[in-house]
Each structure stands twice: as structure tokens, then as C-alpha cells.
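Here is the structure we will look at.
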Amino acid sequence: MNSNQSVSTSVPTEDTPTTIVLSRWIDPLLDKLGHDPRSRYVERFWLPVLGPSTVVFLRYCADQLDDAGTTAAVEIELEAVARHLGLGHKGGRNSALTRTILRSCRFGAARAGRGNNLELRRGIPPLNRTQVNHLPKSLQTEHRFFVENHPRHDEAVVNRVRRLALGLVECGDTITVAEGQLASWKVPPSVAAEAVRWAWSHHVQRGEQGPTAA
């Protein structure tokens with residue numbers, strides 16, 4: 001199955017869970033080539049497809065997993081999540097939060113595990129052609145520019161942009177802000193996205209290992 005197709009049918013089956021256990025959906029290809037839920041790509045291009053509540057939910061979950069560590073799972077209270085995100089949750093499959101979770105699964109950004117487990121992608125795939133064609137014309141043009149400016153630089157340039165991205169992330173910039181800053185320095189969007197994805201992963205791993213000796 002093409003990883004760009006939004007045809008996942010794996011959705012939670014329990015109607016009224018009070019908690020879910022988040023873990024990472026390991027996919028070596030999309031972990032490397034996909035887009036972090038907090039990236040500008042998801043903010044700009046997936047937002048009209050997924051809707052704002054689903055994008056915010058995926059970003060929230062990505063933060064929770066990063067705080068827990070790259071190999072850890074984390075249990076979250078659904079009512080607390082709903083309050084945090086400003087969504088309704090009265091239980092059942094018709095609550096706003098439940099519909100948001102189901103939508104994240106339907107489009108392949110998450111999938112249900114056993115019981116109340118939910119696996120989140122570290123890298124959300126690029127939009128497929130049909131999804132791009134349903135974007136507003138201005139976003140279609142922006143998406144085409146993003147794709148056409150895929151990194152074609154030598155290793156020295158890539159490493160230089162990665163170091164810039166790492167500096168921004170370690171100074172406290174979020175993924176979206178760091179990508180925006182690189183763009184303001186005329187770094188092509190896809191180059192910036194790759195560099196920030198690398199920097200964020202490096203930053204999280206360094207945090208798990210603790211500070212290095214001077």
C-alpha cells in the first residue's frame with residue numbers, strides 16, 4: 001500500500017474509554033521522510049485535510065511522547081486532553097475528541113493498538129495527488145514550490161543548515177518557529193523541514209541522555 005494514501009481503517013473500537021495509552025508508530029521510511037506533526041508542512045497543507053482539532057491533537061500527542069522519551073509510552077486522561085484542547089468529551093463515539101481521534105486514524109496519522117492503545121506516527125506522509133488537488137489554489141501553488149525545492153545540495157550545505165536548525169531548537173524555538181526562521185534566511189522549505197526534523201530528533205535524544213560532561 002502506498003504510504004501516501006489515507007486509507008487506514010484501524011480505529012479504536014471501545015466506545016467510552018477514559019484514558020488512552022500513546023506510543024510511537026514505528027515506520028522507518030516515514031520516520032525519515034515524513035513530516036513531524038508540529039511542522040509547517042502539516043500546519044500549512046494537512047490542516048485543510050485533517051481539520052484544526054485533529055492537527056492540534058496530533059501536536060499535543062507528539063509533545064507528550066517527546067516528554068516521555070523516544071521509547072516510552074504515556075497514558076493520558078481523555079477528559080483532561082479535551083479540556084486542554086478546548087474540545088467536548090462526554091464519552092461515546094460522537095464526542096468531539098473521539099471524532100478527532102477517529103479522524104487521525106482514518107487519515108493514517110495514528111492507528112489503534114490493543115485495548116485503549118493508540119500509536120502515533122513520528123512522520124506524517126506527504127499529501128497524495130488527490131489531496132493536493134482539493135487544496136485551495138494558493139496552497140496548491142505553495143505545495144508545488146515545496147516539492148520542487150526538495151534538497152539537492154551537497155553534504156556540506158545540508159550539515160550547515162542542520163547546525164543552524166539545532167542552534168534554534170536548543171535555544172527554545174518550536175519546530176514551526178525554527179522552520180520559519182530558516183525560511184526567513186532563504187533556506188528552501190523542504191531543506192528547512194529536513195534540517196529541523198533532524199535537529200529536533202537530536203535534541204530529544206540528547207535530553208534523554210542527560211547533559212554531557214564539560
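Each reported figure results from applying straightforward, stated rules to the coordinates on display, with no laboratory input. Computed from a prediction, not measured in an experiment: that's the story for all the values here. Heads up, the Cβs are rebuilt from the backbone with ideal geometry, glycines too, and the neighbour counts pull from every protein chain shown.
Data overview
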| item | result |
| --- | --- |
| Equivalent ellipsoid, the range 57-100 (semi-axes from 5 times Cα gyration tensor eigenvalues, Å) | 22, 10, 9 |
| Extended-chain gain in nm, criterion 0.36 nm per residue less alpha-carbon gap, ILE26 and THR141 | 38.3 nm |
| Of all DSSP beta bridges in the range 19-121, antiparallel share, percent nearest 5 | 60 |
| Lys, Arg +1 and Asp, Glu -1 on Cβ, resulting dipole of the range 37-181 about Cα centre, debye, nearest 20 | 660 |
| Computed label-point distance, nm, for sites ASN116 and ASN128 using a 7 Å Cα→Cβ extension | 3.3 |
| The range 19-121: relative contact order in percent, alpha carbon pairs under 8 Å with at least 6 residues between | 41 |
| Nearest-20 debye value, the range 149-209 charge dipole, Cβ charges on Lys, Arg, Asp, Glu | 140 |
| Length-normalised contact order of the range 149-209 in % [C-alpha pairs under 8 Å, at least 6 apart] | 46 |
| Mean-position separation - Cα centroids, the range 128-142 and the range 37-111, in angstrom | 23 |
| Relative contact order (%) - the range 76-123, alpha-carbon pairs under 8 angstrom, separation at least six | 18 |
| Sum of side-chain charges, TRP46 neighbourhood, beta-carbon under 14 Å (Lys, Arg +1; Asp, Glu -1) | +4 |
| Descending semi-axes in Å of the range 149-209, equivalent ellipsoid built from Cα gyration tensor | 19, 13, 9 |
| Gyration tensor over alpha-carbon atoms, the range 19-121, equivalent ellipsoid semi-axes in Å | 20, 17, 12 |
| Residue-span extension gain [GLU148 to CYS171] - 0.36 nm each, minus C-alpha spacing | 5.3 nm |
